[in-house]
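In what follows, a single structure is set out as structure tokens and then discussed.
We did not get these values from a lab; they are worked out from the coordinates using the rules stated. Just so we're clear, the structure is a prediction, and the values are computed from it rather than from any experiment. Cβ: placed from backbone, ideal geometry, glycine included. Neighbour counts: every protein chain shown.
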């Protein structure tokens, strides 16, 4: 007998065996599960607007605050439209192992089954029967698709044209994010079928955004005055408020992936909280020991690193393991940001790679080490087999995202040009690109 899908087990749904018809126990939409997924979706949206808007807005220099805020804000709108037109269909239609189909373009399927419970992978032997309407699932997944490219902007902050941003992030969302989401979360995706355990986006969201950010930072080159001018954050109070939105919103980010109000959602919330707490303390104390002072920027960076690392593991590990993952992420990401970046010499403006890329890779691998089998009814079990699957997923994401992002940068550079002029950069993007400035 083949393995059951971990998604069905982890989400608290009746177990669905490969090759065995699903039981007919779930015949309608469950109000409680639907309510929780909708609340979680709103929490995830709050992570981008206003969470990431404030988090990034406080970290750049004063002359670029409005531009970085505008980037996250407009990405929210752009990706929402693209998700409706074709993104969702390509991500979650059955299609083949590598990409979905177009039968649900413009969300046409909602006209037929808008009030019916969703069957993810309908027609497949491994289909997952859910207790929420498809519209709730579409919205939840849309918020993931929104925040992923928004995170990338932190790596090339203060130097990309707004026109280039729109073209690049639109293409990246469809050509990079969507296929990886299909691989990992569609019942017909090749990594899903391989058995990867990625509860809420360690590969799909975190590793992909971090790797894309690194490629962008290297391709665009360093900011004018990098290493010479003062590039310290202009207003860390904004960033603290933004990080607070991220921390609270992340509880929905991870627990909403349980698909409803169930024990797995509760465990994911607890695991997320412990990882964030452990990483905050780890970063704070290692910075205090090495640098002599615990900084506000370090504390909030540590929190985000822990939240990133627990994302793939949230529904698969116990709170104690989550704390260990958080502490490990805090220390590892601190090293990536304060040591590795300096030695390698790239200008990842707001450390999207150092926190999201490194944390996402670490968390995805750690899931194969710390997974507690009963949480997924035995589907995800710590050991060499699961660890090897996790490594395959990480490597595949890095290679596809890295090569694909580099290719898109080359194309967009020739279509509209990527970078503003040196004079515009010195003046600031707020005035040169948007004709506005802070008083």
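Starting from the 7 Å offset along Cα-to-Cβ, what nm value, one decimal, do you get for the label separation of residue 175 and residue 399?
2.0 nm
Using alpha-carbon pairs under 8 Å, 6+ residues apart, how would you state the relative contact order of the range 221-376 in percent?
Reported relative contact order: 25 percent.
What share of all Cα pairs of the range 364-439, in percent, falls into each consecutive 5 Å distance bin?
All Cα pairs, binned at 5 Å, distribute as 3, 13, 12, 10, 9, 8, 8, 8, 9, 9, 8, 2 percent.
Rank 384, 350, 429 by mean-square fluctuation in a GNM of the chain with C-alpha springs under 10 angstrom and give only the top-ranked residue.
Ranking 384, 350, 429 by mean-square fluctuation puts 384 first.
Rg to Rh for the range 202-260: what is it, with Cα atoms only and Rh by Kirkwood?
Across the range 202-260, the Cα-based Rg/Rh ratio is 1.12.
Residues in the range 207-233 near a label at residue 62, defined as backbone nitrogen under 18 Å from the 7 Å Cα→Cβ point?
Flagged as within label range: 229-233.
Please list the radius of gyration and Dmax for the range 184-341, considering alpha-carbon atoms only, with Å as the unit.
That works out to 17.0, 53 Å for Rg and Dmax.
Quick one: length gained pulling residue 222 to residue 377 fully straight, 0.36 nm per residue minus the C-alpha distance? Display every interim value, and only then the final one.
On the way: separation 155, 0.36 × 155 = 55.80 nm, distance 4.85 nm.
Result: 50.9 nm gained on full extension.
Sorted from largest down, what three extents in whole angstroms do the Cα atoms of the range 253-321 have along their principal axes?
Largest to smallest, the principal-axis extents are 45, 19, 14 Å.
Using the basic label-point model (7 angstrom from Cα toward the beta carbon), what is the residue 74 to residue 232 distance in nanometres?
Simple spin-label model gives 3.1 nm for this pair.
Using Cα springs under 10 Å in a Gaussian network model of the chain, which residue among 227, 306, 32 shows the largest mean-square fluctuation?
227
To make sure I understand, if each residue's beta carbon is the centre and we count other beta carbons within 10 Å, what order do 138, 411, 342 fall in, fewest to most?
Details: 138 21, 411 13, 342 10.
Placing the least packed residue first, the sequence is 342, 411, 138.
Report the full-extension gain for the segment residue 288 to residue 167: residue separation times 0.36 nm, less the Cα-Cα distance, to one decimal in nm.
Between residue 288 and residue 167, full extension yields 39.4 nm more.
Evaluate the Kirkwood expression for the hydrodynamic radius of the range 67-159, namely the inverse of the mean inverse distance over all pairs of different C-alpha atoms, and round to one decimal in Å.
Taking the inverse mean of 1/r over all distinct Cα pairs, the range 67-159 comes out at 14.5 Å.
Sticking with the crude label model, points 7 Å out along Cα→Cβ, report the distance from residue 115 to residue 244 in nm, one decimal please.
Calculated label separation equals 4.2 nm.
Compute the distance from the alpha-carbon center of the range 145-217 to that of the range 259-274, in whole Å.
One Cα centre to the other: 24 Å.
Relative contact order for the range 79-174 using alpha-carbon pairs under 8 Å, separation at least 6, rounded to a whole percent? Could the numbers behind the result be given before it?
On the way: 96 pairs, mean separation 24.0, N = 96.
This gives 25 percent for the range 79-174.
Test of understanding: ordering 288, 190, 250 by Cβ neighbours within 10 Å, fewest first, what list do you get?
Ordered from fewest to most neighbouring Cβ atoms within 10 Å, 288, 190, 250 come out as 288, 190, 250.
GNM, the chain, Cα, under 10 Å: largest mean-square fluctuation among 402, 108, 359?
Of 402, 108, 359, the most mobile in the Gaussian network model is 108.
So what is the 222 nm mean residue ellipticity for the chain from helices alone, if each DSSP H run of at least 4 adds -39500 (n - 2.57) and you divide by all residues, rounding to the nearest 500 deg cm²/dmol? List each step's numbers first, then the result.
Values: 20 runs with 251 residues, N = 439.
My calculation for the chain gives -18000 deg cm²/dmol from helical runs alone.
Give the Kirkwood hydrodynamic radius (Å, one decimal) of the range 285-346, defined as one over the mean of 1/r across all pairs of different Cα atoms.
Details: mean 1/r = 0.0806 Å⁻¹.
The answer is 12.4 Å.
How would you rank 436, 287, going from fewest to most other Cβ atoms within 10 Å of each one's own Cβ?
Ranking 436, 287 by Cβ neighbours within 10 Å, fewest first, gives 436, 287.
Give me the number: length gained by fully extending residue 431 to residue 335, i.e. 0.36 nm times residue separation minus the C-alpha to C-alpha distance, one decimal in nm.
Numbers: separation 96, 0.36 × 96 = 34.56 nm, distance 3.52 nm.
Fully extending the segment from residue 431 to residue 335 adds 31.0 nm.
Starting from the coordinates of the alpha-carbon atoms of the range 125-221, obtain the Kirkwood hydrodynamic radius over all distinct pairs and give the value in Å to one decimal.
Across the range 125-221, the inverse of the average 1/r is 14.6 Å.
What's the percent breakdown of Cα-Cα distances in the range 304-403 across 5 Å bins, shortest bin first?
Each 5 Å bin holds this share of Cα pairs: 2, 14, 22, 21, 19, 11, 6, 3, 1, 0.
For the chain, would you read off the P(r) tail past 38 Å as a percentage of all alpha carbon pairs? Mind showing how you got there, number by number?
Working: 16657 of 96141 pairs.
Every Cα pair in the chain considered, those over 38 Å come to 17 percent.
Before anything else, pin down the relative contact order of the chain: Cα pairs under 8 Å, at least 6 apart, normalised by residue count, whole percent.
In percent, rounded to a whole number, it is 23.
Based on the Cα gyration tensor of the range 21-104, what are the three equivalent ellipsoid semi-axes, each the root of five times an eigenvalue, rounded to whole Å and given largest first?
Result for the range 21-104: semi-axes of 35, 19, 9 Å.
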